[in-house]
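Note sheet for the following structure.
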Amino acid sequence: MDSKWNKVGLLLQVLTVGLFLYTPAALAQGTPAPVSISFDFRNGALGWEAGFADYPPATDTNDFFELRADIRSLPPELGVSGTGFYIQGVNHSDDLFMFIKRRLDSSNGIVAGQTYQVNFTFVFASITQSGCFGVGGAPDVALRAGATPAEPIAILDQSPLFAWLRMNIAKGREPDGDLAISSTGTTANGIPCGSQPPKYVSVQRNHQHTHLVNANSRGEIWLLFGTDSGFEGATNLYFQRIDVTLTPVSSPPAPVLLTEQNTGRGVAFDSVSLLKEPFSVTSEQNFFSVDRRTRLTLFGYNLELKNGEGVSAITAQAEDSQHRTYPLPVEGAIEVPNFTWIKGVTIALPKELQGLGDVSVKLALRGVSSNAAVISVK
């Protein structure tokens, strides 16, 4: 995940602008059916949008990155008429990510909280020959496809020199991919490097996203294609057609609690003060509760609720060094703004935890348990 995309730092940033509760809609009835949709870009954009990330926008003066995305006529050498979804960029940042995305929702048959296996068949036209060498990496850059319950957006991430646009989803670094998007080869068009003058060639790929995807509580899934480049030159693609099938599966992926990198300690904050561990069982700052017990917010993913489900579908427990377990009352489910695939779960600390020091906590959704994360209770 992009060096874990500095999870703690980004969560601290978004916590300063607040969290909001999400409310599921009415209960869906019946067994979900597979969803199959074809997008032929000879018929226009069809709801797909483009974006760019992993570069500092302040340096994009005088069209420095040559970013382009539009519906345009296909190159004549393809021998077919019509249009494609064209996307282009020059990788002066040594990390440029170009992407197209498309929302699916209940109007397409997506069911809130349902888990899907996502398969693609897609056709794209590439001018990049196979086996070439370039500055920073090969010109045939990593091509990836996937899906996510959160809208993929590029947000500004401050750095000492420039603010960079970074993706809000777990996409990893080229060439591997991550939770939201996985590798489907490169943009190479199959013509050996230098064997003939460059020309666009249509390439068809089949791809099964390596992670199961939960629809969010609003019944949405976002489809995503992207290129991740180390090549310090131009990448040019025409997407011609995308066929996608989302097959419901009965066994959802386990929830995952976020931990601080390389420590196993939970990403957790006092829900009132936003302070980190160690936590007291009671807090004089908690003016919002008569019992003054400390409420913590833990963060994780794969916690999407189904239509009509309430927070009672999520449970939590702590375990001490003697392997004694303690139920943790769950009082709220939240979405992190801009990172809505990450959910926050607010729990109340029971008095039995006082003075225990390190304890491990777990969440469970419909009885499916997460990994354990360590927190300190004084």
Inset, instruction - Return Phe225, Phe52 ranked ascending by Cβ neighbour count within 10 Å, so the fewest neighbours appear first. - result: Phe52, Phe225
Inset, instruction - Of the listed pairs Lys101/Lys199; Lys306/Lys343; Lys351/Lys378, which have alpha-carbon separations greater than 19 Å here? - result: Lys101/Lys199
Inset, instruction - List the relative contact order of the range 256-377 as a percent without decimals, with contacts defined as Cα pairs under 8 Å and 6+ residues apart. - result: 30 percent
Legend entry - Given charges at Cβ of Lys, Arg, Asp, Glu: the range 256-377 dipole, positive-most of Pro278, Ala372, Asn302: Asn302
Inset, instruction - Considering the options Thr59, Val267, Ser251, tell which one lies farthest towards the positive end of the dipole of the chain, charges being +1 on Lys and Arg and -1 on Asp and Glu at the Cβ, about the Cα centre. - result: Ser251
Inset, instruction - On a C-alpha basis, how far is the centre of the range 333-378 from the centre of the range 50-91 in Å? Whole number, if you could? - result: 43 Å
Legend entry - Burial ordering of Glu220, Glu77, fewest other beta-carbon atoms within 10 Å first: Glu77, Glu220
Inset, instruction - Could you list Ser273, Ser81, Ser130 in order of exposure, starting from the residue whose Cβ has the fewest other Cβ atoms within 10 Å? - result: Ser81, Ser273, Ser130
Inset, instruction - Based on alpha-carbon positions alone, could you give the equivalent ellipsoid semi-axes of the range 256-377 from the gyration tensor, as √(5λ), descending, whole Å? - result: 21, 17, 15
Inset, instruction - Please name which of Ala180, Ile169, Val203 has its Cα lying farthest along the dipole of the range 136-242 towards the positive end, using unit charges on Cβ (Lys, Arg +1; Asp, Glu -1) and the Cα centre as origin. - result: Val203
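How large is the charge dipole for the range 145-216, taken about the Cα centre, if only the Cβ atoms of Lys, Arg (+1) and Asp, Glu (-1) carry charge, to the nearest 20 debye?
The dipole of the range 145-216 has a size of about 220 debye.
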Inset, instruction - Rank by packing, highest mean first: peptides 234-246, 180-192, with packing defined as the count of other Cβ atoms within 10 Å averaged across residues. - result: 234-246, 180-192
Legend entry - Mean Cα-pair separation over length for the chain, i.e. relative contact order, pairs under 8 Å, 6 or more apart, %: 22 percent
Inset, instruction - Quick one: check the C-alpha center-to-center distance for the range 121-144 versus the range 163-224, whole angstrom. - result: 12 Å
Inset, instruction - Pull out the extension gain between Glu49 and Val368, defined as 0.36 nm times the separation in residues minus the alpha carbon to alpha carbon distance; nm, one decimal. - result: 111.3 nm
Inset, instruction - Evaluate the charge dipole of the chain about its Cα centre and quote only its size in Debye, nearest 20, assuming +1 on the Cβ of each Lys and Arg and -1 on the Cβ of each Asp and Glu. - result: 720 debye
Inset, instruction - Report, in debye and to the nearest 20, how large the dipole of the range 221-378 comes out about its Cα centre when Lys and Arg carry +1 and Asp and Glu carry -1 on their Cβ. - result: 320 debye
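Do the sum for the chain: with -39,500 (n - 2.57) for every DSSP H run of n ≥ 4, divided by all residues, what is the mean residue ellipticity at 222 nm, to the nearest 500 deg cm²/dmol?
-500 deg cm²/dmol
Any read-out appearing in this document is the output of simple, stated calculations on the displayed coordinates, not a laboratory observation. Just so we're clear, the structure is a prediction, and the values are computed from it rather than from any experiment. Note that each Cβ is placed from the backbone with ideal geometry, even for glycine, and that neighbours are counted across all protein chains shown.
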